[in-house]
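Everything on this sheet refers to the single structure shown next.
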């Protein structure tokens with residue numbers, strides 16, 4: 001990444017209008033322990049560099065010393081807002097390496113809960129993004145809806161955040177009694193709540209002033225950097241792994257991929273709101289089509305994928321999260337590599353921020369929807 | 001845009017937003033008054049472990065180390081011992097029992113693999129989530145803390161019935 005050259009002598013500091021400001025790692029608006037080194041002219045950002053690694057836990061190295069099923073809980077702790085989605089990636093990668101046929105009911109339940117997880121991730125994004133920009137009410141309401149989803153997770157998986165949702169070959173349990181009613185109740189109420197957020201924000205003059213034209217990135221630049229997820233779709237590129245390489249039961253679902261036009265913060269906001277509506281439709285379809293039957297495939301007692309390597313990726317709430325897995329035929333992986341969407345989306349930060357004010361850096365970090373647990377791993 | 005139309009537009013937007021906000025004032029609150037009121041834990045919740053005993057009060061654990069082997073974070077520490085006494089007087093159901101059974105809650109990630117691995121149903125997840133301590137060493141829980149006969153039910157939570165509505169603790173909005 002670009003290195004900030006810091007003018008250190010006293011004379012230049014006094015003479016020059018430039019100033020170097022450290023934002024973070026304890027800044028509340030950097031969404032975790034991200035340190036942003038800003039070079040400012042007055043309040044305008046003229047250069048920027050990110051310092052990451054404060055949350056590094058060495059997950060990829062830990063995985064080389066664990067049996068295949070034991071690695072699953074570690075995946076929940078990458079992007080802890082989207083633990084269900086991350087867990088799905090790991091079990092699907094190992095299943096496809098083993099050549100396991102997962103029963104269709106398990107695929108459908110996975111689809112329902114992964115989409116609920118996407119809604120809950122976007123709701124937390126909306127809550128914190130709104131708080132960053134100065135809208136406090138939407139924080140309380142979005143967290144209220146998220147709480148309903150977390151209650152469903154607690155009833156189904158036994159935990160609210162780090163769910164440890166899936167097992168290789170299926171699921172730990174079938175759905176609980178009343179699962180369909182709980183989810184139906186949520187998806188029935190949800191459009192009304194979403195309309196309330198729109199009333200609060202979409203035409204709010206302060207919201208428009210803080211988001212329209214801020215952090216613009218063109219479609220060509222977004223593709224060149226490697227953005228994915230809503231950050232890419234906000235620039236008008238209709239790229240979604242759920243459509244292009246369907247996994248779980250997404251091949252049977254009908255939904256649209258919302259795209260923005262201008263690639264600014266406001267468009268990414270609209271894209272995420274529309275994605276929540278589409279996720280709700282997917283949940284409804286999957287519930288309606290849910291087949292009966294077992295939820296677990298026959299899995300060998302000791303999981304030993306054949307020697308070789310495999311790449312699988314899914315559309316997480318933040319973007320394309322991928323897993324590159326190298327097996328040497330033993331019961332422990334030789335190498336696990338995570339393709340982290342947040343880290344790659346963060347690379348666009350400098351380009352988006354140049355020329356904007358310091359206050360807009362906060363809005364742009366919010367619109368990228370980063371989670372530091374995944375960036376640092 | 002002239003100043004007057006600007007003011008009119010701004011006022012309209014504010015009134016529209018605030019009307020939604022004010023419409024919430026007469027509605028009932030969603031806030032859960034923890035710890036003044038108990039929170040509801042769902043039946044599958046994975047909290048602090050329980051070490052179970054049989055009807056005679058003997059520990060079910062036979063120190064087979066399967067839970068320790070299945071643990072991804074290596075937080076279970078067991079020392080096995082033999083109890084040569086008559087079956088009714090033993091500490092455990094079997095001759096072999098766990099003399100020491102420690103779980104380090106500084107490491108435990110509450111994944112549930114130990115419960116799935118246990119062949120004797122000796123260890124399960126309880127519902128206690130209030131594990132914070134002032135001293136890091138206190139996170140190491142011994143058999144005295146984990147045995148079901150020694151654990152006390154906290155008044156700060158209750159466990160939901162299996163057929164209870166998921167939103168029962170919230171009021172209608």
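Since every read-out is calculated from the coordinates, none of them should be taken as a lab result. Since the model is a prediction, treat every value here as computed from it, not as a measurement. Positions of Cβ are generated from backbone atoms using ideal geometry, with glycine treated the same way; all protein chains shown enter the neighbour counts.
Size check on the stretch A:256-347: the Cα extents along the three principal axes, sorted descending, read 49, 42, 13 Å.
List the relative contact order of the stretch B:80-148 as a percent without decimals, with contacts defined as Cα pairs under 8 Å and 6+ residues apart. Averaging sequence separation for qualifying contacts and normalising by length gives 31 percent for the stretch B:80-148. Our analysis of the stretch A:59-345 gives Rg over Rh at 0.97, with the two radii drawn from alpha carbon positions and Rh computed by the Kirkwood formula. Between B:63, B:117, B:86, the Gaussian network model of chain B with springs among Cα atoms under 10 angstrom shows the greatest mean-square fluctuation at B:86.
Calculated from DSSP H runs of 4 or more alone, at -39500 (n - 2.57) each and per residue, what is the 222 nm mean residue ellipticity of chain A, nearest 500?
On the way: 16 runs with 184 residues, N = 377.
-15000 deg cm²/dmol, from helical runs alone.
Counted over all Cα-Cα pairs of the stretch A:142-297, pairs farther apart than 24 Å make up 47 percent.
In plain terms, the residue of B:136, A:118 with the fewest other Cβ atoms within 10 Å comes first and the most crowded comes last, giving B:136, A:118. Counting only alpha carbon atoms, the long axis of helix B:3-23 and the longest principal axis of chain B meet at about 40°. To the nearest ten degrees, helix A:104-133 and the longest principal axis of the Cα atoms of chain A are 20 degrees apart.
Below 8 Å between Cα atoms, with a sequence gap of 6+, how large is the relative contact order for the stretch B:39-159 in percent? The partial results should precede the final answer.
Details: 215 pairs, mean separation 44.7, N = 121.
That works out to 37 percent.
Shape analysis of the stretch A:7-143 yields a ratio of the Cα radius of gyration to the Kirkwood radius, Rg/Rh, of 1.14.
Here the scattering of the protein assembly as shown is modelled by Debye summation over its C-alpha atoms, one equal scatterer each and no solvent; at q = 0.05, 0.06 Å⁻¹ the log10 of I(q)/I(0) is -0.24, -0.34.
The packing ranking, built from the mean of other Cβ atoms within 10 Å per residue, places the peptides A:75-85, A:17-27, B:23-33, A:257-267 in the order A:75-85, A:257-267, A:17-27, B:23-33, highest first. Shielding of peptide B:109-116 by partners, expressed as the average count of other chain Cβ atoms within 10 Å per residue Cβ, is 5. What average count of beta carbons from other chains do you get within 10 Å of the Cβ of residues in A:294-304? Across A:294-304, the average partner-chain Cβ count within 10 Å equals 0.
Taking the number of other C-beta atoms within 10 Å as the exposure measure, put A:148, B:55, A:64 in order starting with the fewest. Before the final figure, lay out the partial values.
Numbers: A:148 24, B:55 5, A:64 14.
Lowest to highest Cβ neighbour count: B:55, A:64, A:148.
With contacts taken as Cα pairs under 8 Å at a separation of at least 6 residues, chain A carries a relative contact order of 26 percent.
What's the long-distance tail for the stretch B:39-159, i.e. % of Cα pairs beyond 26 Å?
Values: 1390 of 7260 pairs.
So the portion of pairs separated by more than 26 Å is 19 percent.
Mind pulling the angle between the C-alpha long axis of helix A:358-368 and the longest principal axis of chain A? Nearest 10 degrees, somewhere in 0 to 90. With both axes taken from Cα atoms, the answer is about 20 degrees. Neighbour counts of C-beta atoms inside 10 Å place A:304, A:298 in the sequence A:298, A:304, starting with the fewest. Adding -39500 (n - 2.57) for every DSSP H run of four residues or longer, then dividing by how many residues chain B holds, sets the calculated 222 nm ellipticity at -5500 deg cm²/dmol. Centroid-to-centroid, using Cα positions, the stretch A:277-327 and the stretch A:133-194 are 19 Å apart. Mean per-residue shielding of peptide A:195-202 is 3, counting Cβ atoms of other chains within 10 Å of each Cβ. May I ask for the distance between the Cα centers of the stretch A:31-53 and the stretch B:18-45, given as a whole number of Å? One Cα centre to the other: 38 Å.
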